[in-house]
Each structure stands twice: as C-alpha cells, then as structure tokens.
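*Asks:* Here you go, one structure.
Bear in mind these aren't lab numbers, they're just calculated from the coordinates by the rules spelled out. These figures come from a predicted structure and were not determined experimentally. Reconstructed Cβ throughout: ideal geometry from the backbone, glycine too, with neighbour counts over all protein chains shown.
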Amino acid sequence: MAVEAFRAATQYSDMKGSSAADRADGIGPEDWLRQNGHMSQDEFLVGTELYVGENHGAHVDPVDVTFLIVEASGRDSVADRISGLSQGEPVEVKRLHVEMGLVDFFALFKRFNVTLTSLEGMQGRDYRYT
C-alpha cells in the first residue's frame, strides 16, 4: 500500500498558494460520486485533488481528478478518527482516479478560488491596492 502526502505539487512547483471552494447547491462532489456508483452512503469524501498537466498554450480536456474516500457515516466520526491518529500515521482511504472535463469538475462547486505566488512571503499576506 502506497503512502502520499495530501498537498499540491507539480514537477517544479514554481508557484504555490491556497484554494477554497463552496459546495454546489445541486450536485456536489459527494452527489456525483454516489450517482456514478463510486461512493456509498456509508462512505465519506475526505479529499479532492485536481491535476491539469502538460498544457502548452492551450487547455486540453480531460483533467485528472482524484477523490479520497473513507468508510464512515458522517463528518464528525471521520474527523475524530483522523485526529485520533498518531503523528505521522497515514489515514487509510480508498483512492479513486477519474478523468473529466474541466467544466464538469468546476460544475461540482458553487464558487472556487485559487491563489498562486512565486514568493513564499506573499502567501496569506495582506496587501494594499490602488
């Protein structure tokens, strides 16, 4: 069984940042997974990864999406299980990789925001603009 860190990285990671998303009012990631037979009612989505690679001046679909799923009945039981692990102990997940259109991925969210910077000191920094 392989172990990976849940954080964004690319080949060179020239730019780093953060992201935030709001679930869609209609069909969010969990709904899509259940409707497509990838996740049961007894499972919980703990992570989503979007990877877009090898674009050379123009976007080409599909994009790679990875979902991390655990067996659990709800958010609180999953959060308790993860917080109860010792430092460095990996979370046991089912990892599902799918390809989908970028527009289809973003349709799973109501709002989506990504920030990127090549300067470590800029991450999370307040700025004044004119």
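*Asks:* Find how many whole Å separate the alpha carbon centroid of the stretch 108-130 from the alpha carbon centroid of the stretch 50-74.
*Replies:* The stretch 50-74 and the stretch 108-130 have Cα centres separated by 21 Å.
*Asks:* Kindly provide the helix-only [θ] at 222 nm of the chain, computed as the sum of -39,500 (n - 2.57) over DSSP H runs of four or more divided by all residues, to the nearest 500 deg cm²/dmol?
*Replies:* That comes out to -4000 deg cm²/dmol.
*Asks:* Moving to a separate point now. Taking θ = phi - 60°, what integer Hz values does the Karplus form 6.51 cos²θ - 1.76 cosθ + 1.60 yield along the stretch 115-130, in sequence order, with x for Gly and Pro?
*Replies:* Once rounded to whole Hz, the list reads 10, 9, 8, 8, 10, 4, x, 8, 4, x, 7, 5, 9, 9, 10, 10.
*Asks:* Please find, in a Gaussian network model of the chain (springs between Cα atoms separated by less than 10 Å), the residue of THR66, THR117, THR48 whose mean-square fluctuation is greatest.
*Replies:* Checking each option, the largest mean-square fluctuation is seen for THR117.
*Asks:* Out of ASN113, TYR127, MET1, whose Cα points farthest toward the positive end of the dipole of the chain (charges: +1 Lys, Arg; -1 Asp, Glu; placed on Cβ)?
*Replies:* With unit charges placed on the Cβ atoms, the residue in question is TYR127.
*Asks:* Given a Förster distance of 30 Å, report the FRET efficiency between LYS94 and ASP25 from their Cβ-Cβ distance, rounded to the nearest 0.05.
*Replies:* Approximately 0.70, to the nearest 0.05.
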